[in-house]
Each structure stands twice: as C-alpha cells, then as structure tokens.
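Structure record follows, encoded as structure tokens.
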Amino acid sequence: MHPIAQYRFCPQCATPLQLRVAHEDGGARERLRCPACDFTHWNNPTPVLAAVIEYQGKVLLARNAAWPGKMYALITGFMEAGESAQEGIIREIAEETALMTTTLNLIGVYDFQRMNQVIIAFHAVCEGTVQLSPELVDYRLFEPAAVKCWPAGTGFALADWLKARGLTPEFIEFPKPETYNPGD
C-alpha cells in the first residue's frame, strides 16, 4: 500500500482521491489528488514537540498507557494552533507531568520520516511534583550517563543532548516492528 493511501476521499467534495502525477515547482510529483475539484493532499510532515526533561538532576522518561512492553521515552506532543514551539512543549510538559518548566533550550530539529513527522526537541529543566496524565502510566528518573538512546526519532535528540554534556550516548537495539512504540 502506498504510504499516503489511507487518505481516501477529498475533504472538499468527497470524491475518491487518486494517485496522480502533476508538475509542481520541484518537478513531477505523485500525490493523492481529486479528479473532480483538483484538491491535492500534500502529505506534509506534522511538527511534534519533544522534551528531554531534567528533573532533580536526572532525566525523566515516561511510559505511555497505549504502549506494549516497558518502553520509556521523552515527553512529546503536538503543537496547537496559535502557539510557538516553546509554548507548546511547556504546555505538554505541564499537561503530562504537572511539572513547571524553569529553563528551556532548543536541542535541535529531527527528521522522523517513518511517522511523517518533524521533531522539535528541547531540553527542559523542571520542578514541582510529578503527577502523570491519564495517558501515561509510569515514569522513571535516570542518571544522564545511564540513559540509553533509541536509534530513531527523539532518540537522536537525546543522544545530541548527552553529547553536549560530554557523555557518549549508548544506543539500544531497534525494537522489532510488532513491539515498536510509535510514540518514540
């Protein structure tokens, strides 16, 4: 199945979309297009915010209730319309952990093509008392030197944060597809 084939109908006229080639500024591109009204599904990446949370001198990683297994990851979330990336990650941290962000710095921007996302990652120093949202079931605090990175998505942001602190990141083996956590 084509990666964008799940988008099936035109949101303007409800006609079934078709994969069609059209000439755009960058040349010929195959995209889902409406044969009736010329709507194009651009399939642009979604911006996702992520935070390496430093709490009590350790790295806070959390486990999502929907994930199988015992995988822990960074706090992540989607930007809301009208907010900056910085405002969005501060909101996500507060919503998911009840922590207050006292310092926030950009780590970098990361390509996550498998999920068609662009990850904007921050280092957040936080304080307060952790109270997890219903979407999270557990959290753990890790010494920075003990954190293991995953070789995709936010794992690269965590690795860059560790390198900036003079630590050598250690990567875990990539999980099998049937047990892989899509929220990494």
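The values are calculated or read from the model by the stated rules, or taken from the named source; none is laboratory data. This one's a predicted model, so the numbers in the text were calculated from it and none came from an experiment. Please note: Cβ atoms are built from the backbone with ideal geometry, for glycine as well, and neighbour counts cover all protein chains shown.
Annotations for the structure displayed:
- Residues of the stretch 118-135 classified as surrounded by 19 or more Cβ atoms within 10 Å (Cβ to Cβ) and either in a loop (DSSP other than H, G, I, E, B) or more than 13 Å from the chain's Cα centre (by Cα) (or both), total: 3
- For the stretch 6-17, the candidate set comprises residues that are in contact with a Leu (Cβ under 8 Å, 6 or more places away or on another chain) and not charged (D, E, K, R); within that set, the residue that is surrounded by the fewest Cβ atoms within 10 Å (Cβ to Cβ) is TYR7.
- Scan of the stretch 37-46 for residues that are exposed (fewer than 15 other Cβ atoms within 10 Å of the Cβ) and not in a strand (DSSP E or B), ordered by number: CYS37, ASP38, TRP42, ASN43, ASN44, PRO45
- Top-ranked residue in the stretch 69-117 [being of a type in the set (Phe, Trp, Tyr) and outside any loop (DSSP other than H, G, I, E, B); ranked as surrounded by the fewest Cβ atoms within 10 Å (Cβ to Cβ)]: PHE78
- Residue within the stretch 4-17 that is in contact with a strand residue (DSSP E or B) (Cβ under 9 Å, 6 or more places away or on another chain), in a strand (DSSP E or B), outside the structural domain of PRO134 (by TED's automatic domain parsing) and not acidic (Asp, Glu) present: yes
Conditions tested, residue by residue: (1) surrounded by fewer than 17 Cβ atoms within 10 Å (Cβ to Cβ); (2) part of a strand (DSSP E or B); (3) in the same structural domain as GLY155 (by TED's automatic domain parsing); (4) not polar (S, T, N, Q).
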position	(1), (2), (3), (4)
LEU19	yes, yes, no, yes
ALA22	yes, yes, no, yes
LEU32	no, yes, no, yes
PRO35	yes, no, no, yes
ALA50	no, yes, yes, yes
GLU54	no, yes, yes, yes
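- Some residue of the stretch 137-148 being more than 13 Å from VAL52 (Cα to Cα) and either part of a helix (DSSP H, G or I) or without any contact (Cβ under 8 Å) to a residue 24 or more places away in the chain (or both): yes
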